[in-house]
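What follows draws every value from the coordinates through simple rules; no lab data is involved. Because the structure is predicted, anything quoted here is derived from the model rather than measured. Glycine also receives a Cβ, built like all others from the backbone with ideal geometry; neighbour counts cover every protein chain displayed.
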Amino acid sequence: MTIRRDQLLRLFGAKPLLIEGSKLEAGYAARRPYAFQDGVAVVDIAGVLANEPSLFEAVFLGATAYGQILDEVEQAVADPEVRGILLRINSPGGDSDNAFETAAAINRLAKEKPIWAVADNSVFSAAYLLATSAAKIYVPEFTGGVGSVGVYAEHVDWSEYNRKLGVKVTYIAEGEGKTDGNPNEPLSDAARSALGAEVSRLYGLFASTVARGRGLTEDAVRELGAALKYGPEAVAAGLADRTGTFRDALAGLIAATRKSGAFAGPKISIHPGGNTMQQETGQAEVVQAATPEPIIDIETVRAEAGRHGYADAREIVELCALAGMPGRAAALLARHATPAEARRQLFEARAAEEPAEIRSHVMPESGASAVGSPENSPVVKAVERLMTTAKGGK
């Protein structure tokens, strides 16, 4: 509903207002729930984590709901201007309820856009469970900590206190074990056994999730126990990827998403003579398209090189792929470069590369990002030419 200026004036007693009435619609009021910088959304995860935080937890413990975290990550993934997502975490952990479901959902979303995590400064227990869904985890060198892979449950026995107050609680129930674990009587052996089994089950889920997310064995995770690991020690244990602050992680993700070309900004349509980008004004501005780096089907090239018997081709293609420069393989193969020469040239190219380089994967002839077909791959053609030459062809 659009609010007219004269209606606002009447509502506020005809006083002059420093406000634009036409901008008070719901769409204009919408704001990103996360910080946003250079294509990266920063989702904050702070305080005690809970499925449904109580008022006390929210006000005094700064609790965050799992649903809120997931909502923000989902919105960031859907945001066309977001290239990557950074989870900035400062939490001691929290409830097991909905923790594993949230971690699994973030893991699925990480397949759509890069998700990294950084300790700012504590990422423990359930918070670390969420962090393991990220592709990379940063931890500050001196005071940042991660870990505490463990589960516990508590039972509060009020029976003695009730006895002193003269309070007696009687339960009338049907169903074996219905009142097991209630706080008004000591924990029975059956209740203790059932609670212990649930703790063991959740710990098994926790250990296997961390092992899968961090590339560790489950035995290795269990051997760490619920230890808290800080800085370089966390990296050495495999619980984090590198030391660094929030600013380091943010800068790294910004650079990584720029280099990978994972840009989901304004839609670009291609026409002969250049790109046409639709501006906010509705006017079209024509800009010349830079010649893109060819997109290479690396798996097909590896197979082709192996099938034709060009011994060094496979290694050169592998080196180019690992260096993030698959397009250089064609020229190296055409010059009959040795793997040693290829390695040296790739190292020099990486050293000279501008950190803020942005590579476009927009194909001028198609008007969209595309995966190169094997038959059109310049590397495949180069390998085929080399094979023909080796057999005496032209």
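For the reader, a short list of remarks on this structure follows.
- Near G144, the amide H atoms lying under 5 Å from its own belong to G231; only residues 5 or more places off or on other chains count, and H is placed 1.01 Å from N.
- In order through segment 319-325: 3J(HN,Hα) via Karplus (6.51 cos²θ - 1.76 cosθ + 1.60), integer Hz, x for Gly, Pro: 4, 5, 5, 5, 7, x, 10
- In percent, rounded to a whole number, the relative contact order of segment 40-187 is 19, using alpha-carbon pairs under 8 Å and six or more apart.
- Around R88: net Lys/Arg minus Asp/Glu count, Cβ-Cβ under 11 Å: -1
- Listed by Cβ neighbour count within 10 Å, with the fewest neighbours leading, I172, I316, I89 appear as I172, I316, I89.
- Residue pairs exceeding 25 angstrom between C-alpha atoms, taken from K111/K136; K229/K259; K113/K259: K229/K259.
- Surrounding net charge for E52, when Lys and Arg each add one and Asp and Glu each subtract one, Cβ distance under 11 Å: -3
- Near G213: Cβ cut-off under 14 Å, other residues only, Lys/Arg at +1 and Asp/Glu at -1. The net charge is +3.
- Since only A190, N162, G175 are under comparison, the one whose Cα sits farthest along the positive direction of the charge dipole of segment 151-207, derived from C-beta charges on Lys, Arg, Asp and Glu, is N162.
- Segment 151-207, relative contact order [Cα under 8 Å, separation at least 6], %: 43 percent
- Length available on full extension from Q75 to Y171: 0.36 nm per residue minus the Cα-Cα distance, which gives 29.9 nm.
- Neighbour-count ranking [beta-carbon atoms within 10 angstrom, fewest first] of T64, T217: T217, T64
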